[in-house]
Amino acid sequence: MSTRVIDLHTHTTHSDGSATPEELIKEASAKGARAVAITDHDTVTAFAEARAAAERFGIEFVSGIEISAEFSPGTMHILGYCIDEDSTAFREKLGELRQAREKRNPHIADRLQSLGLDVSYDEVVRIAGNDVVGRPHFARLMVEKGYVSSIQEAFDRFLKNGAAAYVEKARLSPADSIALIHEAGGVAVLAHPYQLRLSSYEQVDQLVAELAGFGLDGIEAVYSRHSAAERASYAEIAARHRLLVTGGSDYHGSYKPDISIVKGLGDLEVPYALLEAVKSRAAGRSTRTHADQLQEASS
Ligand code: AMP
Ligand code: ZN
Ligand code: FE
Ligand code: FE
């Protein structure tokens, strides 16, 4: 088993994964990972436990985040790596994103109830058992109550964009999502580009050119649900715009039961060299914004 592989896209119980930070690190270690990034949605609360576990298992921990940006027709997520989670501006904006979620979430429960499903938001919160509640927690409750037979079916029939219980949440623009990550000294990467639902290579290329203008640093070309052809074509687009390539599984434990950490659908192999490039890009970026420095100097 190679000990050079890594996984730069994973979710814990602190957002919509089913593994605790410690369980996740242990699992990654068992799969031969040399480094793992935790990229929970809108929160960094997994880091302390993950760092301690990573030290115990002899794995390199990479601080990460996943931000949902405004985009249509599909979904745009921006990953951040090597972020300084103590950045004041960063913490404040993450708090606002979590508030936007909390504003949306009860409306999803209302929609489900009006469709005749006995699903209360309190029950969803109990399932999530943590600070960041996401649609997968609604899906889990719907499975438990027998309304659907899988999390995927809950999305397909009720929760996905365009379905009857889909409710928009306030998001940052792509430019602001990238700026947020840069404010924390991080490297900004376009996640799983197949989810953008753009229909041609040219459309993706054009969008990437625009995002590169906003400071995008990389593209997650190597991804569980990308075919070999997609991985190659997204990597080519990254190279055309002098961007990094990254890779990860998007492990969510039982919330995405077909995806294993490190291995993805079985064929994932993200080389450690990709992380080295991310780290050198981050090293060239200040971890403290000017505003932070002023605030510290005056306090
Ligand atoms: P939220 O951030 O609460 O809107 O939930 C987004 C999360 O739901 C994503 O990160 C995925 O884990 C999951 N998700 C979104 N769309 C789908 C889909 N069509 N099928 C399965 N899971 C999905
Ligand atoms: Zn998720
Ligand atoms: Fe995502
Ligand atoms: Fe993700």
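The values are calculated or read from the model by the stated rules, or taken from the named source; none is laboratory data. Since we're looking at a predicted model, the values are computed, not measured. When we count neighbours, we look across all protein chains shown, and the Cβ atoms used for this are built from the backbone with ideal geometry, even at glycine. Heads up: the accessible areas ignore ligands, DNA and RNA and are worked out on the full protein's heavy atoms, side chains in. Shrake-Rupley method; radii C 1.70, N 1.55, O 1.52, S 1.80 Å.
Quick notes on this structure:
- Selection from segment 103-121 of residues that are in contact (Cβ under 8 Å) with a residue 12 or more places away in the chain, open to solvent by 60 Å² or more (accessible area, probe 1.4 Å) and within 16 Å of ligand 1 (Cβ to nearest atom): LYS103, HIS107, ARG111
Rundown of residues vs (1) β-branched (Val, Ile, Thr); (2) under 17 Å from the mean Cα position of the chain (by Cα), yes/no style:
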residue: ALA188; (1), (2): no, yes
residue: SER199; (1), (2): no, no
residue: GLN206; (1), (2): no, no
residue: GLY215; (1), (2): no, no
residue: VAL222; (1), (2): yes, yes
residue: ALA228; (1), (2): no, no
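- Any pair with Cβ under 8 angstrom, 6 or more apart, that starts in segment 250-270 at a residue that is on the phi < 0 side of the Ramachandran plot and in contact (Cβ under 8 Å) with a residue 40 or more places away in the chain and ends at one that is more than 15 Å from ligand 1 (Cβ to nearest atom) and among the small types (Gly, Ala, Ser): TYR251/SER260; SER260/GLY266; ILE261/ALA28; ILE261/ALA33; LEU268/GLY247; GLU269/SER2; VAL270/GLY247
- Some residue of segment 140-160 being under 18 Å from ALA69 (Cα atoms), touching an Asp or Glu at 6+ places or on another chain (Cβ under 9 Å) and of a type outside the set (Lys, Arg): no
- Considering residues of segment 31-59 that are closer than 21 Å to THR88 by Cβ and in a helix (DSSP H, G or I) only, the residue nearest to ligand 2 (Cβ to nearest atom): PHE47
- Under the condition of being farther than 19 Å from LEU274 by Cβ, more than 16 Å from ligand 1 (Cβ to nearest atom) and assigned to a loop (DSSP other than H, G, I, E, B), the residues counted in segment 1-30 number 1.
- Scanning segment 199-225 for residues that are within 16 Å of ligand 4 (Cβ to nearest atom) and surrounded by fewer than 21 Cβ atoms within 10 Å (Cβ to Cβ) yields a single hit, ARG225.
- Qualifying residues in segment 1-44 (those that are of a type outside the set (Ser, Thr, Tyr) and modelled with pLDDT under 95) - the one surrounded by the most Cβ atoms within 10 Å (Cβ to Cβ): ARG4
Listed here are the residues, each with its yes/no results for (1) touching a residue at least 60 places away in the same chain (Cβ under 8 Å); (2) not β-branched (Val, Ile, Thr).
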site: ALA50; (1), (2): no, yes
site: ALA53; (1), (2): no, yes
site: PHE57; (1), (2): no, yes
site: PHE71; (1), (2): yes, yes
site: THR75; (1), (2): yes, no
site: GLY80; (1), (2): yes, yes
site: THR88; (1), (2): yes, no
site: ARG98; (1), (2): no, yes
site: ARG101; (1), (2): yes, yes
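- Test: residue in segment 63-79 that is open to solvent by 10 Å² or more (accessible area, probe 1.4 Å) and among the aromatic types (Phe, Trp, Tyr): yes
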